There are 2 protein chains.
Amino acid sequence: MTALLPDYRDPALTARFLAAAQALLGPRGLTSDPDLLAPWLTDWRGRYTGRALAMASPASTAEVAALVRLCGEYGVPIVPQGGNSGMAGGATPDTSGEAIILSLRRMSAVRALSAAEGQVVCEAGVVLQTLHDAAEAAGMRFPLTLGGKGSATIGGLIATNAGGTQVLRYGTMRAQVLGLEAVLASGAVFDGLTVLKKDNRGFDLKQLLIGSEGTLGIVTAACLRLLPASTARVTIWAGVPAITAARSLLRHLQARLGDALEGFEVVPAHCLASVLAHQPAARSPLAGAHGWHALIEFMSSRLDPAGLQEAAEAALAEAMEQGLLDDAVIAANDKQADEFWALRDGISAAERARGPAVQHDISVPVEKMPEFILAASAALEAEFAGTRAVAFGHLGDGNVHFHVLAPQGAIPGEWETREGKAISARVHDLVCAWGGSISAEHGIGQMKVDELARLADPVRLQMMRAVKQALDPAGLLNPGKLLKP
Amino acid sequence: MTALLPDYRDPALTARFLAAAQALLGPRGLTSDPDLLAPWLTDWRGRYTGRALAMASPASTAEVAALVRLCGEYGVPIVPQGGNSGMAGGATPDTSGEAIILSLRRMSAVRALSAAEGQVVCEAGVVLQTLHDAAEAAGMRFPLTLGGKGSATIGGLIATNAGGTQVLRYGTMRAQVLGLEAVLASGAVFDGLTVLKKDNRGFDLKQLLIGSEGTLGIVTAACLRLLPASTARVTIWAGVPAITAARSLLRHLQARLGDALEGFEVVPAHCLASVLAHQPAARSPLAGAHGWHALIEFMSSRLDPAGLQEAAEAALAEAMEQGLLDDAVIAANDKQADEFWALRDGISAAERARGPAVQHDISVPVEKMPEFILAASAALEAEFAGTRAVAFGHLGDGNVHFHVLAPQGAIPGEWETREGKAISARVHDLVCAWGGSISAEHGIGQMKVDELARLADPVRLQMMRAVKQALDPAGLLNPGKLLKP
């Protein structure tokens, strides 16, 4: 799909492009220094390493637009990049060395924040943690968080429609975006920052840009919603007899406490054991052994802490009577609540330390998830001898991280290389058969581009390709990501 | 944009097309009988009358798809139609007589409803009132309603991203749609009915179809969200000293009762007087005279009625102390609450009866609406001698219906024809200058297609045209609506 000029690799032409870009962006705005480039050529999981002509770091939307026009003139592909903490290689250039990285990190201003309106305007390079701090300073909160909050940028979070642990109540990044500014492939600026609660002037183009992974435009700024800070938090660690009981518990708590239910994560015994082995200081919140655990969090900006705790305790007591849980403990304070979350957040690292695994970020309809976990685990363990399947995470969103662990004695690296593709194909086939998604929250990037091409509904693929062709006819925006040319 | 066959008006070819369509759809599925067609050739406001080859009424998604393919072969334009209660002529064919009307009304099944999951799958032809009844029978509610609920269909509500009086809390139709099925211009079926809370497999094509007014695809079914039925309702009629005070009152109530605030409508003295004159049995809820009135409704599915009323009364008392309202009355029962709403809902008819007016459905950012109303009213009344501007409606959404009333003695019909275009252009120019939308909730249809072309950001228009061209290259889906060819 890329339309490079025939003589693109001509060094003189490349030099002319780089000089023009340098003149446009100034000394801080462009670098080809290998040492400065190196950290941004590999994704943070270390799976992909590419090459690039240079890294551009424009300081304003106007500079982004001018650079995109320049790239269009010279046929230079553009790889937009935020915090470089994506999970699917979507911000890593390919190995041709023909693209430039377009870093948005210098565009890091919080342009405006209004607690009264519940709105904040951030540039694309604002780091999520910075936004959390700015909101908190104004007595508000931004209702999306995730592990990479110290590096993930607003632009990247929008481009990948990021999820996290509060989606159950507040939705993904899409639900937080009230307005958007982006630079299109033509270099034109899509100016959609003004927030209108109602606006029926045709197609909602903002929605098309959210989650498009930089293939349709480059997010330069956004207006995001803020909510009043929470005044009460109740965090619970529960032992549940089975994953099906966890689903019933979820429904019960939703019925009893409505949308005060903010998090509902499931952790199988295997994952808890891995974390306890990996974190010497960690302790299991419950004395007994349980097949499954649920980490449950309620938040309220209206109920006082005592009122919320009382309601939570009543709902848990009912659940225990109904056999939906075996045992539960309510965190006595924020410190203990954070310890519960540290167990949950430590799973990925602990599982990695325990041995090789093939990982999947998948979703199915919420109601079907327990049965899917049981059926898919059994299928994978039967078909790949010696493996063990574990699933953990966002049961309330119908989204789990589904890991297939290597047999005892498998050689790290060698085993994944040999078995990984077949295992993932089987998991993804099952997900599709259950009506699910092969990428629940991490996106497609370069990691799943072949699997998407293999498994997506041809009608959707055709629509996506037509839209891509319409909005980026030269194919210069993040080529090779999301859609195969 | 339409690509009719050169010999399209050839009667033999037309006859062949109609015979093929008849064979496809069966005796109930197609009619060219002028008496049967007549009611569907004029929009319900009586502003537009068109002609059509025939009206097709397929009974299934497969029949819609086959018909669209047939229309593609013969180059026959398609005008999708639901309840024919749209406000912008979007479902009325043009006067060429070359198009067919594609009625979705026979596809009227509620395919599935799950109270536990909070989901209902409706075909496009399900009438909104029918959905309300089905939800109520299951102890649930569908959180969108509007005046035309007895005729408006789910397909039309999605195609126009309908609003109504609960948007403040629950959002527009877009926010209710969990999944979507549509037939594309190619005749392919976009199958997006399976609901996944998280799915990052590329562009969110469903969002592109919502609000596209039948120009990108024909909605055939949708999965919609249901909420638990409300158990408590508190409805208030308040007299407020000024429109700016109404905004402060809105913010105060949102801060105090959070999202239990479900409706916040404003009614100026002029509109209340019109309704009282037009409805002899109606009475003003308050004894005194007030410049502005606010109709406020709280709903809760968790608080009991006494608890909700207590919270509302406390918030109102605070507001009165702060001078945000002059007087207020809480509806004693549902009957009185319905009477309050009848005053609000009667405004359009009462204003029509009082004399000629040019009407606008506009939005600006919520914070700016009071100042916009004051500034725009002053500008219009100064520039069009003898007119009077009134604005009423959804202040909480930044969306009012802005009417410019004819001078005393103006001749109905004659005055609008002479002055309407200039008045609307001036109102729309002001709206754009304030960062607003010339169509907040009614859509573009054929009514505002010229104004959109005149006023829309060229970058957006270009993006929309590119997407339209990509997904409907022959331009057969609802031509002449939303976008000028």
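The values are calculated or read from the model by the stated rules, or taken from the named source; none is laboratory data. Quick caveat: nothing in here was measured; it's all calculated off a predicted structure. Ideal geometry is used to build each Cβ from the backbone, glycine not excepted, and the neighbour counts take in all protein chains shown. Surface accessibility is based on the protein's heavy atoms, side chains included, excluding ligands, DNA and RNA. Shrake-Rupley method; radii C 1.70, N 1.55, O 1.52, S 1.80 Å.
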Here FRET efficiency (C-beta to C-beta, B:Asn333 to B:Ser108, R₀ 35 Å, nearest 0.05) is 0.55
Quick one: of A:Lys468/B:Lys198; A:Lys421/B:Lys197; A:Lys197/B:Lys448; A:Lys149/B:Lys197; A:Lys421/A:Lys481; A:Lys206/B:Lys448, which pairs are farther than 24 Å apart, Cα to Cα? A:Lys421/B:Lys197
Which cross-chain or sequence-distant (5 or more) residues have an amide H under 5 Å from the amide H of B:Gly192, H modelled 1.01 Å from N in plane? B:Leu180, B:Glu181, B:Ala182
Have a look at B:Ser212, B:Thr160, B:Ile236 and report the one farthest towards the positive end of the charge dipole of the range B:136-267, computed about the Cα centre with Cβ charges (Lys/Arg +1, Asp/Glu -1). B:Ile236
Alpha carbon centroid spacing (whole Å) that separates the range B:266-283 from the range A:261-333: 56 Å
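If Lys and Arg each add +1 and Asp and Glu each add -1, what is the summed charge of the other residues whose beta carbon sits under 14 Å from the beta carbon of A:Gly409? Numbers along the way, then the final one.
Working: positive: A:Arg354, A:Arg388, A:Arg418; negative: A:Glu414, A:Glu419.
So the surrounding residues net to +1.
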One-quarter of the Cα convex hull surface for the protein assembly as shown, in nm²? 41.9 nm²
Would you mind listing how long the range B:82-191 runs along its three principal axes, going by Cα atoms, in whole Å with the largest first? 48, 30, 21
0 to 90° range, to nearest 10: angle between helix A:243-257 axis and chain A longest Cα axis: 90 degrees
Given the candidates B:Leu324, A:Val120, A:Leu308, the one whose Cα lies deepest towards the positive end of the charge dipole of the protein assembly as shown, counting +1 at each Lys or Arg C-beta and -1 at each Asp or Glu C-beta, is A:Val120
Inter-centroid distance (Cα atoms) of the range A:81-134 relative to the range B:160-200, Å: 29 Å
Under the Karplus curve 6.51 cos²θ - 1.76 cosθ + 1.60, θ = phi - 60°, whole-Hz ³J(HN,Hα) for the range B:312-327, x wherever Gly or Pro sits: 5, 4, 4, 5, 5, 4, 4, 4, 5, 4, 7, x, 7, 8, 8, 6
By average C-beta atoms within 10 angstrom, highest first, the peptides A:89-95, A:251-257: A:89-95, A:251-257
For the range B:293-358, what is the accessible area per residue in Å² when the probe is 1.4 Å? 47 Å²
With +1 on the Cβ of every Lys and Arg and -1 on the Cβ of every Asp and Glu, the dipole magnitude of the protein assembly as shown about its Cα centre, in debye rounded to the nearest 20, is 1460 debye
√(5λ) per eigenvalue of the Cα gyration tensor, the range A:264-311, largest first, Å: 28, 12, 10
Can you list the residues, at least 5 places off or on another chain, whose amide H is less than 5 Å from the amide H of B:Asp327, using H built in the peptide plane? B:Gly239
Counting each DSSP H run of 4 or more residues in chain A as -39500 (n - 2.57), what helix-only mean residue ellipticity at 222 nm follows after dividing by all residues, to the nearest 500 deg cm²/dmol? -11000 deg cm²/dmol
Where the only charges are on Cβ atoms (+1 Lys, Arg; -1 Asp, Glu), what is the dipole of the range B:27-130 about its Cα centre, to the nearest 20 debye? 140 debye
Evaluate the Kirkwood expression for the hydrodynamic radius of chain B, namely the inverse of the mean inverse distance over all pairs of different C-alpha atoms, and round to one decimal in Å. 23.8 Å
Give or take rounding to whole Å, what are the principal axis extents of the alpha carbon atoms in the range A:160-281, in descending order? 55, 35, 28
Interface residues of the range B:451-485, defined as losing at least 30 Å² of accessible area versus the chain alone with a 1.4 Å probe, are B:Val459, B:Arg460, B:Met463, B:Met464, B:Ala466, B:Val467, B:Ala470, B:Leu471
Scattering profile of the range A:248-402 from the Debye formula, Cα beads only, expressed as log10 I(q)/I(0) at q = 0.11 Å⁻¹, is -0.47
Convex hull volume per residue for the range A:389-481, taking Cα atoms only, in Å³: 128 Å³
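With +1 on the Cβ of every Lys and Arg and -1 on the Cβ of every Asp and Glu, and nothing else charged, how large is the dipole of chain B about its Cα centre, in debye rounded to the nearest 20?
For this selection, approximately 840 debye.
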If the chain between A:Ala116 and A:His132 were fully stretched, how many nm would it gain, using 0.36 nm times the residue separation less the Cα-Cα distance? 4.1 nm
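In the neighborhood of A:His394, defined by Cβ-to-Cβ distances under 11 Å, what is the net charge if each Lys or Arg adds +1 and each Asp or Glu adds -1?
-1
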What list of ³J(HN,Hα) values in whole Hz, one per residue of the range A:459-469 in order, does the Karplus curve 6.51 cos²θ - 1.76 cosθ + 1.60 (θ = phi - 60°) give from phi, with Gly and Pro shown as x? 5, 5, 4, 5, 4, 5, 5, 5, 5, 4, 4
For the range B:324-473, would you read off the P(r) tail past 24 Å as a percentage of all alpha carbon pairs? 43 percent
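I need the calculated FRET efficiency for the pair A:Ala23 and B:Arg47, taking r as the beta carbon distance and R₀ as 51 Å, to the nearest 0.05.
For R0 = 51 Å, the calculated efficiency reads 0.35.
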Which translational diffusion coefficient, to the nearest whole µm²/s, is obtained for the range A:1-125 from the Stokes-Einstein equation, given a Kirkwood hydrodynamic radius over C-alpha pairs, 25 °C and 0.890 mPa s? 159 µm²/s
Built amide H within the under 5 Å cut-off of B:Met140, gap 5+: B:Ala229
Per residue accessible area of the range B:372-478, 1.4 Å probe, in Å²: 37 Å²
On protein heavy atoms with a 1.4 Å probe, the accessible surface that disappears when A meets B, both sides summed and given to 100 Å², is 5600 Å²
Taking accessible area as the heavy-atom solvent-accessible surface of the protein chains with a 1.4 Å probe, which residues of the range A:176-200 lose no less than 50 Å² upon going from the isolated chain to the full protein assembly? A:Leu196, A:Lys197, A:Lys198, A:Asn200
With all protein chains present, how much of the accessible area of the range A:117-186 (probe radius 1.4 Å) comes from carbon and sulfur, to the nearest whole percent? 51 percent
Paramagnetic reach from A:Glu367 in the range B:178-216 [backbone N under 13 Å; point 7 Å along Cα→Cβ]: B:194-196
Around A:Pro356, under 15 Å between beta carbons, what's the net of Lys plus Arg minus Asp minus Glu among the other residues? +3
Could you grab the relative contact order for chain A? Cα pairs under 8 Å, six or more apart, rounded to a whole percent. 16 percent
Which whole-number percent is the relative contact order of the range B:282-437 (Cα, under 8 Å, 6+ apart)? 22 percent
Karplus 3J(HN,Hα) series, Hz, for the range B:277-291 with 6.51 cos²θ - 1.76 cosθ + 1.60 (x for Gly, Pro): 6, 8, 10, x, 7, 6, 10, 5, x, 10, 6, x, 9, 9, x
For the range B:228-310, the percent of all C-alpha pairs falling in each 5 Å bin, from 0 up to the bin holding the max distance, is 3, 14, 22, 20, 16, 14, 9, 2
